[in-house]
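Take a look at the structure below.
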Amino acid sequence: MPVHYGSKKLNYFTVASTIASQLPHAVGAAYSLKMDGKDACVVGYFGDGGSSEGDFHAALNFAAVLEAPVIFLCRNNGWAISTPASDQFRSDGVVVKGQAYGVRSIRVDGNDALAMYSAVRSAREMAITEQKPILIEAVTYRVGHHTTSDDSTRYRPLEEIEWWQMARNPLTLYRKWLESNGWWNDEAEAELRSNSRKELLKAIQVAEKIEKPPVGDMFTDVYDAVPSNLFEQEKLLQQTVTRYPQDYPSDVPVRAVPSS
Amino acid sequence: MISAGVGGRQLGGDLAGAAVVVVVIPRRRSRSIQSTAAGEALRCGGGGIKNAWSLQGTRPAILASRSFSSAAKEMTVRDALNSAIDEEMSADPKVFLMGEEVGEYQGAYKITKGLLEKYGPDRVLDTPITEAGFTGIGVGAAYHGLKPIIEFMTFNFSMQAIDHIINSAAKSNYMSAGQISVPIVFRGPNGAAAGVGAQHSQCYASWFASCPGLKVLAPYSSEDARGLMKAAIRDPDPVVFLENELLYGESFPVSAEVLDSSFSLPIGKAKIEREGKDVTITAFSKMVGYALKAAEILSKEGISAEVINLRSIRPLDRATINNSVRKTNRLVTVEEGFPQHGIGAEICASVVEDSFEYLDAAIERIAGADVPMPYAANLERLAVPQVEDIVRAAKRTCYRSSSLAATA
């Protein structure tokens, strides 16, 4: 499913559709790191809308009580689909909620890359050395639509979107700062864009050539070991697909996946 | 502690001759003094109650039967659960306990008694009142590699955390393509107790058993409790462990094999508690006891009932159930929970799918009444299955009742 990626190797949990459920998970993982005495902390990302969920409140309260090394990073971009922040909460943003739970909190300009870097770096240091949670509220603006099936001009003025796009665009701000220091120019920009595009096209080519996973993969990983009922169902499906190939996509392999 | 001269109150009858003291015990919840060793420490003073427990550092956390003869030992379900959790925590440092009142209070139902003292506050966590919070935190800790045992004071409160059980625990291994497993156990009392009303009496077996990715267990005896709890803690998948409050105090005989710390029962296997040839009765948890009583009554009337203790609701041991029905040709399913979409419904469907031609009579489902549990004791008794209901149902499948009415 798009955006619901996860990687054990790269240390991030699978993205979930259930909003803010990742925040108690972050505290749990932080507790695990604390028990292991690791020089590490957890960072949990969520939006202004996520701060309304029960899980947000439970997670912050718990993190404070457990003294867990976790950074709660709220991207307050002013919109949850079509719900503006003024309909989401009447508090002074999200930063005061952290304070209410006894979590040290800071509000940062989310469009200022240097400020964000500085804040997160300090937060990480504090979370690990003091074994306490931190809340960072990064104030920004959602310039894009919520998804490709959304047209946000239906619920907000175009001028508002354009203003943020022009005046407070974090990419533009950072680029101007680099250029003013002589570390970047138009040629470097063109070259970066061209290389990125090439890399992307190559990745697409590689991915297109990869064979689709076999149908048996649908039945694995429900549990650690494939249970007998799923093994039976998979066999039945294989027989059906083999008997009526015209009814099934031809590019999905049917070979069996061995049960453990 | 305050020492007083003659005239102070004596502690217990066996302290005749000992120094007379007035002991001021700070008002702590349920810190009952179980043994004379603890009483001894209090009399000796210094450090108050906590020292009493630390003197017991080498004592087992539970006071099981003292008999070491070859006769069968008896053990309560409570002690069975406590000893199983204790042994698994001792064997694996990644196992830890979390829940409301599990530590200082020794557990709302005393299942986790002694564990805080033995393992410390890092491994036995008393939580703020937030099921959603501590369930989510448990899942996050499990994602990272710890093995949490999360206690719900009753499974009715798991409703406040069910998103984490289903969406965060059950589905994670699948959604992450096997990268992120969740070796967590959710345990607590499930189903009806006595006089606790609608919001404390619901059975959640079918709610959780309908969800792929979860395993759902329901022990009956102390052997079940020990074996299934150990299996649940060792299992890499999320397990919902449905206990029963009224069974906690019941004693069952346990063999030496069951008492061994390596003992465990396989998940997904039912147990035939009583063999029979005329009718199969399936049950789980407290209803197993009722089914056995019904079987006893039926045997006096010439009906030999086979009682199956399901032990495992998901995966359901369809093979054992179907083999039994193919032998007896009649089936009565028994559960305490609501009838619609219940465990009996699933068993019925399974038998109809796999053993239809073996049935000599329609399947009977005995379940709780389709109403929120009444508080009034007389109504509560009518709202849950009784032994007589099971006996009558078995007779109906044998065409031994005079009318087809459910009350016959």
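What is the sum of charges, Lys and Arg at +1 and Asp and Glu at -1, for the other residues whose Cβ falls under 13 Å from the Cβ of A:Arg156? Kindly include the intermediate steps, with their values, before the conclusion.
Details: positive: A:Arg142, A:Arg154; negative: A:Asp87, A:Asp150, A:Asp151, A:Glu159, A:Glu160, A:Glu162.
Net local charge, A:Arg156 excluded: -4.
Can you bin the range B:101-255 into rounded, prolate or oblate? Criterion: square roots of the alpha carbon gyration tensor eigenvalues sorted a ≥ b ≥ c, rounded for a/c under 1.5, prolate for a/b above b/c, oblate for the rest. Rounded shape, in that the Cα axes give a/c under 1.5. Along the axis of the charge dipole computed for chain A (Cβ charges of +1 for Lys and Arg, -1 for Asp and Glu, origin at the Cα centre), the listed residues A:Ala207, A:Ser228, A:Ser194 are led at the positive end by A:Ser228. Based on the Cβ-Cβ distance from A:Ser52 to A:Leu158, what FRET efficiency comes out when R0 is 35 Å, to the nearest 0.05? Step by step, r from the Cβ atoms, then E = 0.80.
Step through the table entries B:Lys171/B:Lys215; B:Lys118/B:Lys147; B:Lys118/B:Lys230; B:Lys110/B:Lys286; B:Lys171/B:Lys271; B:Lys215/B:Lys293, compare each Cα-Cα distance with 21 Å, and write down the pairs that go over it.
Those over the limit are B:Lys171/B:Lys271; B:Lys215/B:Lys293.
Take the Cα of B:Lys300, go 7 Å toward its beta carbon, and none of the backbone nitrogen atoms of the range B:318-344 fall under 15 Å from that spot. Set Lys and Arg Cβ to +1 and Asp and Glu Cβ to -1, take the dipole of the range A:114-260 about its Cα centre, and tell me which of A:Gln165, A:Val139, A:Trp177 lies farthest positive. Toward the positive end, the furthest listed residue is A:Trp177. The order of A:Trp177, A:Trp79 by accessible area, most exposed first and with a 1.4 Å probe, is A:Trp177, A:Trp79.
For a distance above 17 Å, tell me the whole-number percent of Cα pairs in the range B:306-364 that qualify. Taking all Cα-Cα pairs of the range B:306-364, the fraction more than 17 Å apart is 31 percent. Here the protein assembly as shown is treated as a sphere whose radius is the Kirkwood value from Cα pairs; by Stokes-Einstein at 4 °C and 1.567 mPa s it diffuses with a coefficient of 45 µm²/s. Shape of the range A:1-126 from its Cα gyration tensor (a ≥ b ≥ c, root eigenvalues): rounded if a/c is under 1.5, otherwise prolate when a/b > b/c, or oblate? Because its axes are fairly even, with a/c under 1.5, the range A:1-126 counts as rounded. Computed from Cα positions, the angle between helix A:54-66 and the longest principal axis of chain A comes to roughly 70 degrees. The angle between the Cα long axis of helix A:113-130 and the main principal axis of chain A comes to about 80°, on a 0 to 90 degree scale.
Each label was represented as a point 7 Å from its Cα along the Cα-to-Cβ direction; for B:Ser261 and B:Arg400 these points are 4.9 nm apart.
Our helix-only sum for the protein assembly as shown, with -39,500 (n - 2.57) per DSSP H run of n ≥ 4 divided by its residues, gives a mean residue ellipticity at 222 nm of -11000 deg cm²/dmol. Among residues other than A:Glu232 with Cβ under 14 Å from its Cβ, the summed charge is -1 (Lys and Arg +1, Asp and Glu -1).
The angle between the Cα long axis of helix A:186-209 and the main principal axis of chain A comes to about 20°, on a 0 to 90 degree scale. The share of accessible area on the range A:68-196 that comes from carbon and sulfur is 54 percent, using a 1.4 angstrom probe. Beta bridges assigned by DSSP with both partners in the protein assembly as shown are antiparallel in approximately 25 percent of cases. Projecting the Cα atoms of B:Ala367, B:Ser401, B:Pro385 onto the charge dipole of the range B:306-408, computed from C-beta unit charges around the Cα centre, puts B:Ser401 farthest toward the positive end.
Expected output is a single nm value to one decimal: the length gained when fully extending between A:Leu178 and A:Ala225, i.e. 0.36 nm times separation in residues minus the C-alpha distance. What is it? All intermediate terms of the calculation are to be shown ahead of the outcome.
Numbers: separation 47, 0.36 × 47 = 16.92 nm, distance 5.28 nm.
Length gained, A:Leu178 through A:Ala225: 11.6 nm.
Amide hydrogen proximity for B:Lys215: with H placed 1.01 Å from N in the peptide plane, the residues at 5 or more positions away or on another chain lying under 5 Å are B:Val239, B:Val240. Proximity of backbone amide H atoms, modeled 1.01 Å from N, is registered between B:Glu250 and B:Val77, B:Arg78 at under 5 Å, excluding neighbours fewer than 5 places apart on the same chain. Using a simple spin-label model with pseudo-atoms 7 Å out from Cα toward Cβ, A:Asp92 and A:Ile204 lie 4.8 nm apart. Taken about its Cα centre, the range A:134-260 carries a charge dipole of roughly 140 debye when the Cβ of each Lys and Arg holds +1 and the Cβ of each Asp and Glu holds -1. Report the net charge of residues surrounding B:Tyr290, where surrounding means a beta-carbon distance below 12 angstrom and charges are Lys +1, Arg +1, Asp -1, Glu -1. That sum, taken over residues with Cβ under 12 Å, equals -4. Largest accessible area first, the listed residues B:His341, A:His145 line up as B:His341, A:His145 when surface is computed with a 1.4 Å probe on the assembled protein chains.
Specify whether the C-alpha gyration tensor of the range B:312-408 places it in the rounded, prolate or oblate class, a ≥ b ≥ c being the square roots of the eigenvalues: rounded for a/c under 1.5, otherwise prolate if a/b is larger than b/c and oblate if not. Judged from the Cα gyration tensor, the range B:312-408 comes out oblate (a/c at least 1.5, b/c at or above a/b). The B and A chains share an interface that buries close to 2800 Å² of accessible area, total over both sides, probe 1.4 Å.
Site pair A:Ile106 and A:Glu211 shows an inter-label distance of 5.2 nm when each label is modelled 7 Å from Cα along Cα→Cβ. As a calculated quantity, the FRET efficiency between B:Gln386 and A:Thr242 at R0 = 60 Å, using C-beta atoms, amounts to about 0.70. Can you compute the FRET efficiency between B:Lys269 and A:Tyr12 using 1/(1 + (r/R0)^6), with r the Cβ-Cβ distance and R0 = 51 Å? Round to the nearest 0.05. The pair B:Lys269/A:Tyr12 has a calculated efficiency of 0.85.
The values are calculated or read from the model by the stated rules, or taken from the named source; none is laboratory data. Please read all numbers here as calculations on a predicted model, not as lab measurements. Glycine gets a Cβ as well: all are built from the backbone with ideal geometry, and neighbour counts include every protein chain shown. The accessibility values were calculated without ligands, DNA or RNA, using every heavy atom of the protein model including side chains. Shrake-Rupley method; radii C 1.70, N 1.55, O 1.52, S 1.80 Å.
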